[in-house]
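The values are calculated or read from the model by the stated rules, or taken from the named source; none is laboratory data. These numbers were taken from a predicted model, which means no experiment stands behind them. Backbone-built Cβ (ideal geometry, glycine too); neighbour counts: all protein chains shown. Ligands, DNA and RNA are excluded from the accessible area calculation, which covers all protein heavy atoms including side chains. Shrake-Rupley method; radii C 1.70, N 1.55, O 1.52, S 1.80 Å.
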Amino acid sequence: TNNWRVQPIFDQNSIITDGLNDGVVNSNTANEVRFINFGNLAGGDGIDNFVIDSFGSFSGILNGAAGANTLSAKDVANTWNILASNSTLIYGVITTTFNNIQSLTGGSTSDDTFTLNSGASITGIDTGGGNNTVTINTGGIVTGAITGRSGVDTIDVSGTVGSIDTGDGATNSV
């Protein structure tokens, strides 16, 4: 398992980077690798967990490669557009393009919008906190669960969903 965190980091001169396309893989381990100004990130054959830190941003292409991979967004209003390929996550003026990611997690208190389009398939969506909107269009497939958290989630399903879990007391409508 590799744990990727997009965040500002200190460079060799102890100056903090701006956090755009910067981060660390496997932080605080013997295998730690830092990256600065990388336009593309590619996971390995195993599980890759990608987290966009609250102070980080990634404007390139994130490819989970093989394995069961997760992308967790920063805690701002996020717009997720899931396609058969080249899906996007938009937060503020930054767009992250991603492929080969099986599970998505929204911000912990922000309002997120998830749209799964025809031909797209994903294992699971965890809406995070906030008041979120999830739309599964005809031909879109969530093989596992859509999990709601605190807040009010609205879920519109025209495609296929394995299950809907209301999480920790969220109010959800379908």
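Looking at 88, 133, which one is surrounded by fewer than 16 Cβ atoms within 10 Å (Cβ to Cβ) and either over 21 Å from residue 3 (Cβ atoms) or of a type in the set (Lys, Arg) (or both)? Show your work before the answer.
Numbers: 133 fails: surrounded by fewer than 16 Cβ atoms within 10 Å (Cβ to Cβ).
Within the list 88, 133, the selection yields 88.
Counting residues that are small (Gly, Ala, Ser), farther than 30 Å from residue 19 by Cα and without any contact (Cβ under 8 Å) to a residue 24 or more places away in the chain, which strands (runs of 3 or more DSSP E) fully inside segment 75-174 reach at least 1? Quick ask: steps written out before the conclusion?
Details: elements: 78-82, 87-91, 94-99, 103-105, 113-116, 124-126, 133-136, 141-147, 152-157, 160-165, 171-173.
Once the strands (runs of 3 or more DSSP E) in segment 75-174 are filtered for at least 1 residues that are small (Gly, Ala, Ser), farther than 30 Å from residue 19 by Cα and without any contact (Cβ under 8 Å) to a residue 24 or more places away in the chain, what remains is 141-147, 160-165, 171-173.
Give the residues of segment 30-69 that are without any contact (Cβ under 8 Å) to a residue 24 or more places away in the chain and in a loop (DSSP other than H, G, I, E, B), sorted by residue number. Steps first, answer last, please.
Here is the first cut: in segment 30-69, the ones without any contact (Cβ under 8 Å) to a residue 24 or more places away in the chain are 30-33, 35, 37-40, 42, 45, 54.
Residues satisfying the conditions are 30, 31, 32, 37, 38, 39, 45, 54.
For residue 18, only one of the following conditions fails: (1) more than 27 Å from residue 111 (Cβ to Cβ); (2) out of contact with any Lys or Arg (no Cβ under 9 Å at 6 or more places or on another chain); (3) at pLDDT below 90. What is its number?
(1)
Within segment 103-119, work out how many residues are open to solvent by less than 10 Å² (accessible area, probe 1.4 Å) and farther than 16 Å from residue 162 by Cα. Let's see the steps before the verdict.
Let us first name the residues in segment 103-119 that are open to solvent by less than 10 Å² (accessible area, probe 1.4 Å), namely 104, 106-107, 112, 114, 116.
Filter once more, keeping what is farther than 16 Å from residue 162 by Cα: 106-107, 112, 114.
Number of matching residues: 4.
Taking segment 149-171 on its own, how many of its residues are open to solvent by less than 50 Å² (accessible area, probe 1.4 Å) and modelled with pLDDT under 90?
3
Being in contact with a strand residue (DSSP E or B) (Cβ under 6 Å, 6 or more places away or on another chain) and open to solvent by 10 Å² or more (accessible area, probe 1.4 Å): is that true of residue 93 here? It would help to see each step written out before you state the result.
On the way: in contact with a strand residue (DSSP E or B) (Cβ under 6 Å, 6 or more places away or on another chain): no; open to solvent by 10 Å² or more (accessible area, probe 1.4 Å): yes.
No; evaluated as a whole, the condition is false for this residue.
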